[in-house]
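First up is the structure itself, then whatever we jot down about it.
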Amino acid sequence: MSSQSQSYFERAQNILPGGVNSPVRACKSVGCDPLFIHRAAGSRMWTVDGDELLDFVMSWGPMLLGHANPAVEEAAIWALKNGASFGAPCPAEVELGELIREIMPNMEMVRMVSSGTEATMSAVRLARGFTGRAKVLKFDGCYHGHSDGFLVSAGSGVATLCIPGTPGVPDAIANLTLLAPYNDLGAVAAQFEAHGDDIACVIVEPVAGNVGLIAPAPGFLQGLRDLCTKYGALLIFDEVITGFRVALGGASQRFGVTPDLVTLGKIIGGGFPVGCYGGKKEIMAHIAPSGPVYQAGTLSGNPVAMAAGIATLKQLAKQDYAALEKRTAAFAGEMADILRAKGRKVTLNQMASMFTLFFTETPVTDYATAKTADGAVYGEFYRQMRGFGVNLAPSGFECAFTSFAHTDDDLKKALEAARKVQL
Ligand code: KE4
């Protein structure tokens, strides 16, 4: 008899392409069907069939406080009872913007949008408008959302589904995107040598999270800063994943490197659709209506999402990031050791409350080395762990996330499940 989840998936495939509203959720690369979720709380989710899952996807990053955080829920419900959307300014937009600036002082001015894609797309348009230049440099395997120019050698779902390039992106647009391997400053310098006066910006995930986790090599981020300054290009840190995660103040704070613009998403909305871009006032002043670079959004600064974001950041400001990082490192390290004891080659990349287990003995420092990992073994690992009630990312090119809601017992349960896996 098919489960409720299977029935929903069958129905979904008749109305939603692939049965999902975002490709990576379809679980195609890990050889099984997605589970439909009824509810979530803390570190757990429950499927429509009532099965409990210990969650390490956490909505792909937003739920750093855990699912259904009471303070976030209360704030969102209060806002909702006062109206879901005004199409006019509201105090919460100002409060969240000021809170972001307090936590990330280099974001002197911000603009709210409704997704990470909107944030990165708008930040690049601003960089082009501010510099008068056309080209954008990104890194192989980094993912900055699905705006046309970013779908060149992108990570996340694009890498997961092995999509070489994306139909629908005209060459004229794709050709404006320059590439370099992650952590390869020499390649970046060469691109600047060749195109320096036409590069509007370098956009980088300061800790790559969409080819699995890849940490910046020592000096990499500062090297990008120096090259951008030298050639008059803007440096954009895409902190949609890392913002408020690798430190409260994000990668800019953790690594002490100041970009010109930062993009945020995920955590900033506490599970509601919020994105944000911001940076130096002299640059942001170019955004309409204060300047000529146009960007807009019906639900930008939505009062409910803003209330959830404010509650989220206020809660995060009280959390012990060092303790969560220490627990996550110990947990991920023990998980890797358990898999090695089964005879599997494993490279573990972990930072703060995010990690990726690559089934390869090669150190993973860029997209090329990430691709040496054995996807079939990851798929088997994913399926068995899910069978034991542990929800990992349904792609080897993503990260696992812990949260402030994960208890020591939760981590022990996940390790017990890993010990039962037959690989
Ligand atoms: P959204 O448009 O999905 O809110 O954000 C795009 C984005 C931008 N920048 C970075 C660094 C990101 O990681 C993302 C989105 N992340 C993926 C998962 N790694 C979203 C999951 C999905 O596509 O369903």
On the accessible surface of the chain, probed at 1.4 Å with all protein chains in place, carbon and sulfur together account for a percent value of 55 percent
Most packed first (mean Cβ within 10 Å per residue), the peptides 327-339, 204-216 order as 204-216, 327-339
Judged on accessible area alone, 1.4 Å probe, highest first, ILE37, ILE236 line up as ILE37, ILE236
In nm, the gap between the two label points placed 7 Å beyond Cα toward Cβ at ALA190 and ASN21 is 4.3 nm
A chain fully extended from ALA88 to ASP374 at 0.36 nm per residue, minus the present Cα-Cα distance, gains in nm 97.9 nm
Taking every C-alpha to C-alpha distance in the chain and binning by 20 Å from 0, the per-bin percentages run 27, 60, 14, 0
If the chain between ASP148 and ALA329 were fully extended at 0.36 nm per residue, the gain over the current Cα-Cα distance would be 61.6 nm
DSSP beta bridges in the chain: the antiparallel percent, rounded to 5, is 60 percent
One finds, for ASP408 and LYS81 with R0 = 45 angstrom and r their Cβ-Cβ distance, a FRET efficiency to the nearest 0.05 of 0.75
Distance in nm between SER7 and GLU416 label points, each 7 Å along Cα→Cβ, equals 3.2 nm
The distance between the Cα centres of the stretch 389-415 and the stretch 8-71, in whole Å, is 14 Å
Using alpha-carbon positions, the gyration tensor of the stretch 143-260 gives root eigenvalues a ≥ b ≥ c; with a/c under 1.5 called rounded, otherwise prolate if a/b exceeds b/c, else oblate, the class is oblate
For the stretch 70-316 the mean separation of alpha carbon contacts under 8 Å (6+ apart) over residue count, i.e. relative contact order in percent, is 32 percent
In cubic angstrom per residue, the convex hull of the stretch 70-316 built on its Cα atoms measures 122 Å³
The simple spin-label model distance between ARG101 and ASN175, using points 7 Å out along Cα→Cβ, in nm, is 4.2 nm
Measure of exposure for THR229: accessible area at 1.4 Å probe, Å² rounded to 10, is 90 Å²
Per GNM of the chain with C-alpha springs under 10 angstrom, the most fluctuating residue out of ASP410, ASP49, ASP260 is ASP49
Once TYR277, TYR143 are ranked on solvent-accessible area with the largest value leading and a 1.4 Å probe, the list reads TYR143, TYR277
Rounded to the nearest 10 Å², the 1.4 Å probe accessible area of GLU193 is 140 Å²
Summed over the other residues with a beta carbon less than 9 angstrom from that of LEU53, with K and R at +1 and D and E at -1, the charge totals -1
For the stretch 102-198, one quarter of the surface area of the C-alpha convex hull, expressed in nm², comes to 7.7 nm²
Only helices counted: for the chain, with every DSSP H run of 4 or more residues adding -39500 (n - 2.57) and the sum spread over all residues, [θ] at 222 nm is -11000 deg cm²/dmol
Rounded to whole angstrom, the alpha-carbon centroid of the stretch 348-380 lies from that of the stretch 74-92 at a distance of 42 Å
Once HIS67, HIS38 are ranked on solvent-accessible area with the largest value leading and a 1.4 Å probe, the list reads HIS38, HIS67
In the stretch 70-316 the DSSP beta bridges are antiparallel at a rate, in percent to nearest 5, of 40 percent
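The values are calculated or read from the model by the stated rules, or taken from the named source; none is laboratory data. Every value quoted in this text rests on a predicted model; they were computed, and no experiment measured them. As a convention, Cβ positions derive from the backbone with ideal geometry for all residues, glycine included, and neighbour counts pool all protein chains shown. These accessible areas exclude ligands, DNA and RNA; they are computed on the full protein's heavy atoms, side chains included. Shrake-Rupley method; radii C 1.70, N 1.55, O 1.52, S 1.80 Å.
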